[in-house]
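We did not get these values from a lab; they are worked out from the coordinates using the rules stated. Keep in mind the model is a prediction, meaning the values are calculated, not measured. As a convention, Cβ positions derive from the backbone with ideal geometry for all residues, glycine included, and neighbour counts pool all protein chains shown.
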Amino acid sequence: MAIKHTTSIRETRPVRNKATPSISIDSFSRPNFSPEQYLESLRVKSAGENIPTIHAALQNAKKTNSRGWQKALYTNYDSFIAISKEVSMIEQDMGIMQEYLVATDEVCSDLLEQEHGQQEVDENPVSRTARRRTVRMSTFYEQNNAEQVNKLINKIERARKLLPFSANRYIMGYFDNVYELSPSNQQARQHAHLTIFNDVILIAFYRRRSRSAAPLLIAEKCFSIKDTIVEHVNSTQKSRFIFKLSCNSETLWFALPSIDKMRSFSSILSSALNQGNGSAAAAASRKYQQGLHDNTDSNQNETSEDQEKDHELELEVSKLLDDLGGCVACREYLHAVQTIESVKRKLRTFSKPNQKLTAELEKGKSGLVKLILADLSLPCAPHKQISMNIMLLYKLGHDKEAKEAFLNSRSATIKHRTRQLRLEGDTQIYIRELSVVYFRLIRGTCDWYSDFFKNASMTSGEDKVEILGHAGLDLKFMLDQEFFNDLTHSIYRYGERCLHMLTKTVSDDTFAIVSKIPVDPHSKLAQVFGNHIPLANSVIKLNDLLRGFGEEVNYIVSDSLYGQTVISISSVIENILKNFLNSLRKRDLSVEQELALLVNTQAIISWAIPRCAQQLDRIFKRTVTDIHNLEHRLEGFPATLQEVFCQKQAQKLTQNVYSTHLINCSLNGTIEDDVRPSEGVENLLRSLGELGRELDNWPLRKRIILGGIIDHLFFILIDEKSWEKDGAKLEFGFEGVHKLVLDIHFLLRVCGSLVSKSTNALANKVCERALRSYFNGSLRREDKMKDRDWYDSRVYATMEILGYSFPEFGKGFEHRAQAGPAKQVEEADKP
């Protein structure tokens, strides 16, 4: 099948000068093309300064050629697919032909031996006939086994690719009703098919090409018998029997439906393991060639088979040892360690210990360990390289040498970095830089040591200190007493630095939500915050500082430092809460920012403090009651901030929307029957509605906050400053006092259950004071005052007109607007 190459290969002509030769792609396609000679000719023809130009021209030629081939591939994609299928079929036919050729060679060798070999003159006809029958039967068995294997390979897809070639392979058994299981929950994943040969186990799974297609067997794994380990697993279900197949680093779980199947599988697998790599036909052929015709020589046969097997293993191990030497020479440490593990597994399969190969393995292993230790001892090595070297030494069983080499390497790194510092005249700067280098490197060494080694006793010298303590030299007490003042002062200074950082962070914080922490729906936090906790930059900074504080204290933890640690952490937490309170009082924040501040205050109490307490519990290995009590002691602080927020919002409403100064109280006209509450109280309710809609977006107690704002609103209205204007007391006229009472009555009716008993009492005081001012004032008239029924009728009439303007106050408001005056009065009187 011909492939059309549609891309024309043209010459790449770079910009020339007199000394720069051209690059031609056509010269690359010549049959006798030699890259070395071509480059040498270019080097001779060109000057030295034109080498970069030639290199660029070669790169352009490479790109041009690759683009042409890529275009050809896209153009002839169908042809490539057809060719690949043909090649795959040819490979399968070649494999079958190779098996036939091997079988033919064995038959020919048996016939030649029958004709020319091992025939004695005095051999009787009976033994000669038996020998010929044995040869014919062995040949028949080999052909029959080969046919069975070929049928199975044709039945299972990808089996020919996975099975390694072997002339003496035959099938010992297969199991179809098998299921692969998940190791985590022992649930069935897929239907499997296990075929046990004399040398391998072929694992295939049933797959469907489409939903309507029939399931096909597709081979996935092929495990060698000699490297396979079978382990039975206890199952909670009596109807299935679970076992694990492990080969090298792969482990698969399977289940059989009955105990008989399990016994049959174990028996067949044991037979395959006992026979090793050879087949029964090959064993019979070897017996015949060796002249073992009677049963008296069975012990000698087993010995010869063991010797032959050991000889084959010795050749394999020798080859692996040669590979080990090459890996060590090329410094391929990981491959070398894997080779050593393979050699150890093969040495365990010898019938007798092989001292020679064991000595060679130890020699190669010691050389590899020396190289890895030398590489580990190099100063200034990166973290990844050190981690890999220590892991390899652990696998080789040299963990103690790895610890010593690591510490020596870090000591050399400290010396190297110290020598890089220069004393340029200022001793203080030099000592400061020196201390920074030592502190950072020693701290990094401690962190890396705890990551690399599970047993960190060497870092602190705890064993040696305990030995001295038993001898009567308590160095711990002396060291604690010597360093106590410095350590407590360091903790205090660290806490002060955290205070300054948090103060600056809060002052610059816009209280925008930068992170949302998911919450377990069954936890207590879900009852406070819902599905997630919205966090501002200040709280995230606080959490990072508290976590860093705990990590720093962990290096010097002792019972004597408990008090200063708790004091410093408590001061950090209390300081940020005070900064939040000052920001709410003094900064000009929007309503959204103030609500975010309230939520983050609750997040500090309910989320940040418990996390810090749990960390300190792990560090001090006991319950840090002071931090846990701090959480309970500060539980009321969010309510304090909510009270400040309500007071601040009430002041804004009285200054800008509604107050006794913003309405004309001195009006002394008559009251019309269709009078409505003032526009100021309507705007006040609209402002409360907008605030309520904003509260719906935050995990805050909406009704309590709105009720607090209304409460503070009446506190401001009852204050003396609200009844004075320009140094004189306010005067109320007939129309002014009725409008004020109507506004308050309308506000209380619309707000409904948001109004508390104390708010109702304050509202009554405001109305009572306004009426007293009217009766005691100079604008009093003889007209009759309106009664409660008149106020109720005007309120309900206004609510029917403006009910759609206050959707935030719920369906109860709309229900009252539609139920009629009697029902409205009944519902309005309910708490």
How charged is the neighbourhood of SER318? Take every other residue with its Cβ under 13 Å from the Cβ of SER318, and add Lys/Arg as +1 and Asp/Glu as -1. -4
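Between ASN408 and ILE467, what length in nm is gained on full extension when 0.36 nm per residue of separation is reduced by their alpha carbon distance? Show your work: numbers first, answer last.
Values: separation 59, 0.36 × 59 = 21.24 nm, distance 2.44 nm.
Length difference between fully extended and current span is 18.8 nm.
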So for TYR206, TYR796, fewest C-beta neighbours within 10 Å to most, what's the order? TYR206, TYR796
Added length on full extension, which subtracts the Cα-Cα distance from 0.36 nm per residue, SER84 to SER366: 96.7 nm
Cα gyration tensor, the stretch 645-752 - rounded (a/c under 1.5), prolate or oblate: oblate
Taking R0 as 60 Å, what FRET efficiency do you get between GLU496 and GLU332 from their Cβ-Cβ distance, rounded to the nearest 0.05? 0.65
Distance in nm between pseudo-label sites at ASN248 and LEU315 (7 Å out along the Cβ direction from Cα): 2.1 nm
Among TRP607, TRP69, what is the fewest-to-most ranking by other Cβ atoms within 10 Å? TRP69, TRP607
Approximate spin-label separation LYS702-ALA167, in nm, with each point projected 7 Å along Cα-to-Cβ: 8.7 nm
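Kindly put CYS330, CYS612, CYS751 in sequence by how many other C-beta atoms sit within 10 Å of each C-beta, fewest to most. Write down the numbers at each step before the final one.
Details: CYS330 10, CYS612 25, CYS751 18.
The order, fewest Cβ neighbours first, is CYS330, CYS751, CYS612.
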Net charge within 13 Å of GLN70 by Cβ-Cβ distance, Lys/Arg positive one each and Asp/Glu negative one each, not counting GLN70 itself? +4
Is the stretch 641-828 rounded, prolate or oblate when judged by the Cα gyration tensor, a ≥ b ≥ c being the square roots of its eigenvalues, rounded requiring a/c under 1.5 and prolate requiring a/b larger than b/c? oblate
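Suppose R0 equals 51 Å; then what is the FRET efficiency for GLU574 and ALA56 from their Cβ-Cβ distance, rounded to the nearest 0.05?
Values: r = 67 Å, r/R0 = 1.32.
It comes out at approximately 0.15.
Can you tell me how the stretch 145-289 classifies by the Cα gyration tensor, rounded, prolate or oblate, using a/c under 1.5 as the rounded cut?
oblate
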Label-point separation in nm, ARG422 to LEU101, each point 7 Å along Cα→Cβ: 7.4 nm
Taking each pair of distinct Cα atoms in the stretch 395-460 once, what is the resulting Kirkwood hydrodynamic radius in Å? 13.5 Å
Please report, in Å, the Rg and the Dmax of the stretch 565-713, where both are computed over Cα atoms only. 21.3, 79
